[in-house]
């Protein structure tokens with residue numbers, strides 16, 4: 001269970017830093033690529049992460065589910081999308097840090113019809129899990145594109161084993 005929104009915000013900032021490392025590897029000319037028709041493009045994934053972040057923040061602030069959509073930014077460069085994502089995230093972190101810790105124990109409605117209300121701290125964890133899911137999706141896309149996804153913590157498993165057995 002979370003006990004501090006400020007500590008969560010610091011944690012979430014680290015999650016986003018690692019996600020941005022993956023986004024920076026997307027070949028700029030492949031923003032609109034997807035592995036199959038009807039699948040999210042790389043651009044869609046970036047926009048969806050931003051839209052979902054706004055959706056979760058709105059849920060925390062108002063108790064309402066509102067997905068703003070992830071369409072748009074057609075023609076925007078990778079760097080422009082990254083700048084937009086960083087700006088969205090900075091605003092989210094500021095809003096989170098302004099919330100009292102007591103909010104963590106409040107509940108917000110489930111997205112499942114007639115589902116039980118869920119504590120805010122659980123929704124915050126769901127927000128992170130959602131982002132990590134799409135970061136993993138992007139890692140798969142990068143592999144399919146022949147681009148090397150970054151090592152999440154800057155070291156490969158092989159390097160870790162070599163250090164440990166040294």
Inset, instruction - Compute the acute angle (0 to 90°) between the alpha-carbon long axis of helix 78-97 and the principal axis of greatest extent of the alpha-carbon atoms of the chain; round to the nearest 10°. - result: 30 degrees
Inset, instruction - Kindly identify the chain as rounded, prolate or oblate by the Cα gyration tensor criterion: order the square roots of the eigenvalues as a ≥ b ≥ c, call it rounded if a/c is under 1.5, otherwise compare a/b with b/c, prolate if a/b is larger, else oblate. - result: oblate
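At a 10 angstrom cut-off on C-beta neighbours, averaged per residue, how do the peptides 145-156, 127-138 rank from highest to lowest?
Working: 145-156: 12.2, 127-138: 16.8.
Sorting 145-156, 127-138 by mean packing, highest first, produces 127-138, 145-156.
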Legend entry - Acute angle (nearest 10 degrees) that the helix 5-23 long axis makes with the longest principal axis of the chain, alpha-carbon atoms: 30 degrees
Legend entry - For 16, 108, order by how many other beta-carbon atoms lie within 10 Å, fewest first: 108, 16
Inset, instruction - Report, to the nearest 10°, how far helix 42-62 tilts away from the longest principal axis of the Cα atoms in the chain, using its own Cα long axis and a range of 0 to 90°. - result: 10 degrees
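Where a number appears in this text, it was derived from the coordinates with a stated rule and is not lab data. Not measured: the values here are computed from a predicted model. For neighbour counting, all protein chains shown are included, and Cβ atoms are generated from backbone atoms with ideal geometry for every residue, glycine included.
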